[in-house]
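Every read-out reported here was derived from the displayed coordinates using simple, explicitly stated rules and does not represent laboratory data. Fair warning: this is a prediction, and the values are worked out from it, not measured in the lab. Counting neighbours? That spans all protein chains shown, and the Cβs are built from the backbone with ideal geometry, glycine included.
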Amino acid sequence: MTQAFGLGCRNEPYRLDRPERGNCEIGNLFFENSQMSHHHLQRRLLAWFSKNARAMPWRRERDAYRIWISEVMLQQTQVATVIPFYERFMQRFPTLHDLAQAEEEDVLRLWEGLGYYRRARALWQSARLLREKGYTTLPDDPDLVATLPGFGRYTVGAVLSQAYERRLPIVEANSQRVLCRLFGIDDDPSRAAVKNRLWKLAESLLPLKSSGNFNQAMMELGAVICTPMKPQCGACPIRRHCTANQQDRQEGIPFKARAETIENVNEVAIVVRRSGRWLIGQRPDGGRWARMWEFPHHPLGPGETPQTAAYRLLAALGLDAEVGPEMMTIRHSVTRFRISMTCFLINQARGQTSRGDYTKVRWVRSGELADLPLSTPQRRLARRLLEIDS
Ligand code: SF4
């Protein structure tokens, strides 16, 4: 088994920020022989992963560029959602060179629906920086990679361990839950001291070889066995090492932060038509949906009705017209905000268009909207316009 997974052995004991008792401490469990416990956990987890890893397109090969794209897409997004986006992205930008050559708008358009667009911009910027330095793929150089936009400690470790077998640990939501349960850590993992401790523990568990598979196995275990609710401890390959399991505290670990309060927000959007074209604005740099296009919208002021807010928005863009009728109301969520956006159709607006808070404004035909990056609620609105125009 050791041969099959190319496992090495660690000679030093686990380094924990608590005093050691005996040869090795894993949470509250103690083993007479620390090497045996290290090897046992690593072997069990890698053997389980080898048999149970879910098929994913990026797992077919060890290409650093492809692993990088998949890792960025998987941040805050489920595997099943990512797969079709990943396949489309790879068809369009099969190499780092193709991505670096692309226009930012094309990359954002392809990312549309995945959300967290900052990730797409960082990918594109990093690809351009690497191409300028003469690289054809993401290099096996943690110091350089850590300076690129979008690369935090997790992404550096995840990509380089999988692509190049760099012995770098990872801590993300799934593996963090496994680590907390394994070591019986019930403190808040968002606290810097606890987070630090988790990184040290993740590092201490890494085998000398197969770091990429080991990291993936930790994440996979968290995703399918050591789930937030009702973990399947009976099917867990490392249960004999698990403090939470031994103490029957799986449901109480990890620490759960209080749920954020939901806030309702009412917005108004104006869909302005002049001479068969529609008015759209490009959002400024920075902030949510940076540099993406949209139909003008903003939140209602205190005591404002949607109609009054629509007139105010129209005036801010230098236009004057009769507001109405109401086209549709779009409901969507952004983090803790539940947004209800009332959309008004406005025909024959008069006046000289000014850009208001936007970087640019344009009058476009409905067919042109297909090529521009829009947020998901704005895309719903654009689809409705195609119906109106047809
Ligand atoms: S034994 Fe249970 S709680 Fe512990 S790591 Fe495995 S699934 Fe998670």
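In the chain, the longest principal axis of the Cα atoms and the axis of helix 376-389 are about 40 degrees apart.
With just the Cα atoms defining each centre, how far is region 356-390 from region 155-181? Give it in Å. A separation of 40 Å, based on Cα centres.
Computed on the Cα atoms alone, the convex hull of region 164-225 gives a volume of 78 cubic angstrom per residue.
Per residue, the convex hull spanned by the Cα atoms of region 291-366 amounts to 122 cubic angstrom.
Take 56, 219, 73 and order them by how many other Cβ atoms sit within 10 Å, fewest up front. Intermediate results must be reported in sequence, preceding the final value.
Details: 56 16, 219 19, 73 23.
With the fewest neighbours first, 56, 219, 73 line up as 56, 219, 73.
Please report, largest first and rounded to whole Å, the three semi-axes of the ellipsoid equivalent to the chain, where each semi-axis is the square root of five times an eigenvalue of the C-alpha gyration tensor.
On the way: eigenvalues 482, 119, 55 Å².
In descending order, the three semi-axes are 49, 24, 17 Å.
Compute the semi-axes of the equivalent ellipsoid of region 93-242, taking the square root of 5 times each eigenvalue of the Cα gyration tensor, and list them largest first in whole Å. Could the numbers behind the result be given before it?
Details: eigenvalues 210, 61, 41 Å².
Working from the Cα gyration tensor, I get semi-axes of 32, 17, 14 Å.
The reciprocal of the average 1/r between distinct C-alpha atoms defines the Kirkwood hydrodynamic radius, which for region 223-317 equals 18.6 Å. Taking other C-beta atoms within 10 angstrom as a stand-in for reagent exposure, 133, 200 fall in the order 133, 200, fewest first.
By the count of neighbouring beta-carbon atoms within 10 Å, fewest first, 341, 218 end up ordered 341, 218. Per the Kirkwood formula applied to alpha carbons, region 263-389 shows a radius of gyration over Rh ratio, Rg over Rh, of 0.92. In summary, the lysines within cross-link reach of residue 51, defined as a Cα separation below 24 angstrom excluding same-chain residues under 8 places away, comprise 209, 230. Here region 171-286 has an Rg and Dmax of 21.9, 72 Å, counting Cα atoms alone. For the chain, DSSP calls about 65 percent of its internal beta bridges antiparallel.
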